[in-house]
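Report on the following structure.
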């Protein structure tokens, strides 16, 4: 099994990641990136039998062996004078010759790895390196913003922008002292690397942190945005042009050097000593970080700078490590297979790497954002509807935050049209996203949707309307937040009216299925989230995949209207759900399959038609025996379709599942949803062969750079890299 795959290790809400695991300069620390930072990361130790010879995990310089006899000149590093920092001429300055030092990667067969949802453990010989990523629940930030009863310490604990690491060197068999090291080579063009040490009395930030947290810190950092810190007084921190230079016998004279791009924390284990050092990998972005809506990171309300983060993290290191172990235990006790544990672990880590908790000072309210992986679109609604299962487990208020942001700022009203261009009243819908890469779109507009399209970049008015309704239903049912439901009565009523109008122009034309496209598409047509899979799944009008989600949305609306005391609207929604189910059933073929498009003559088959079943199940709607009995035949028909589809074209030769028979483009997150439905509703046993195949996709060396990636063409990444949506796998724990 390939162990060299990247994992993201990320604090909640910081849109930051310490990514590690893929060979070469392929990981590192970064904020707001669309992929790994692609920095050299140095983790290693001195050989037990050869002074000056070091071995390291293979996460630097494309796994090429280092050997330095003489340190480079500034000319070697910076090139001609036009490219030098500060324009200073150092070309003629020669640096003293250093002792010969070599750094070589550990042989692959000596390295082992264990990945869990909250930990990543590397072992190679007598070296062990552990990364801890606590998965804490975030308290409702609206309470803090409104100065209600919430302990600020709880908020501070949850939002700390740091992950934690330990390096252990077993020198119990060694008669000589041995060095170990941890550090990275910065590559941010706007911030130099720097050394942080409270011994330096001029470093007021470090001194203030030491005083505030009653702890001394030291480390290396890229400006004030990323850094690695420790509270161990015996560690030496310094900068150089390469890691080799910092592993010589005496580097005391190098401590003031500030031009180096590589920073290391260098430690020494005494003879016959087993020694562990602990670190905080920290992130910090001060000031306004978004445009369109000017916001700051919520954590800046609790930490004044990266030194403050490091001090608090190290002071509370043991507690954070225990929290990571607790979350792991909660997952492990569910008895998931090795493959599912791996898939879930990768998914959770990449989800947190995309999360961003912001604060709008003008509106005095928090904004929860999940960036769309490498695309970095803000709160993409067709991801939010899948990620909500994880969020309802960990932080239900974040679902409400996204719903409110859409209702208040990213909804719009449209007209609808038929095939010959006649226009009819439409209604409310919601944008595909709220912007991209820290830029909020104008109210009512997304970064994605364009007029005049029938494929990628077209509007998703029907799908996003359904997604908002389903998120609202799952949030309300899971939280029983009746106050929120009452406050959104007008929006929910508008959603039902809009659903009806998109079904048909007038009661007699309605069959529960979308027939009319939004006029926002101009001469084009609406699409679904499967916009780049194939026509069978990408077109919205008469889509059976979308029809089942409409059925689920009508059931959710009916339940919400019952709770609101609106019996008439509840009945209208319930009747539409029945119409929708009846229409889908009319298109069943002799073999039990249902076409991807509810039109005569369509031959396409998809697994995704079953996707909508997850929402009424999660909402507990079928606990109403009358409702369960009413739709027993309908659900059985979907099950029959699903079984025939799996047996006839919706599997790859490897056993992996595919969403559409006619396309090799398949998404892991959606597959996980379908697996939950197959096992929970259809009572199929887990498909172990499929799990192995799906895990192999993420372990494939061609894919493993991007941590959890969602969209695969026959097992190879074709989009949706560094992606958050894989947390649909949390449903396996249900």
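Of note:
- Within the option set 437, 461, 413, being within 22 Å of the chain's Cα centre (by Cα) and assigned by TED's automatic domain parsing to the domain that holds residue 497 holds for one residue only, 437.
- Restricted to segment 517-618, the set of helices (runs of 4 or more DSSP H) holding at least 1 residues that are modelled with pLDDT of 95 or more and in contact with a strand residue (DSSP E or B) (Cβ under 9 Å, 6 or more places away or on another chain) comprises 544-564.
- Condition met for residue 485 (touching a residue at least 40 places away in the same chain (Cβ under 8 Å), assigned to a helix (DSSP H, G or I), surrounded by 23 or more Cβ atoms within 10 Å (Cβ to Cβ) and not assigned by TED's automatic domain parsing to the domain that holds residue 140): no
- Residue 473 vs. criteria over 26 Å from residue 536 (Cβ atoms), assigned by TED's automatic domain parsing to the domain that holds residue 401 and not in a loop (DSSP other than H, G, I, E, B): yes
- Selected residue (only one of 233, 248 is over 25 Å from residue 309 (Cβ atoms), surrounded by fewer than 23 Cβ atoms within 10 Å (Cβ to Cβ) and assigned by TED's automatic domain parsing to the domain that holds residue 285): 248
- Elements of type strands (runs of 3 or more DSSP E) in segment 1-119, at least 3 residues being within 20 Å of residue 254 (Cβ to Cβ) and at pLDDT below 95: 66-70, 97-105
- No other residue among 447, 442 is in contact (Cβ under 8 Å) with a residue 40 or more places away in the chain, closer than 26 Å to residue 717 by Cα and surrounded by fewer than 24 Cβ atoms within 10 Å (Cβ to Cβ) apart from 447.
- Scanning segment 282-290 for residues that are outside the structural domain of residue 439 (by TED's automatic domain parsing), outside any loop (DSSP other than H, G, I, E, B), closer than 30 Å to residue 443 by Cα and touching a helix residue (DSSP H, G or I) at 6+ places or on another chain (Cβ under 8 Å) turns up nothing.
- Conditions (1) under 19 Å from residue 469 (Cβ atoms); (2) in contact (Cβ under 8 Å) with a residue 24 or more places away in the chain; number of the one not met by residue 558: (2)
The values are calculated or read from the model by the stated rules, or taken from the named source; none is laboratory data. Not measured: the values here are computed from a predicted model. Note that each Cβ is placed from the backbone with ideal geometry, even for glycine, and that neighbours are counted across all protein chains shown.
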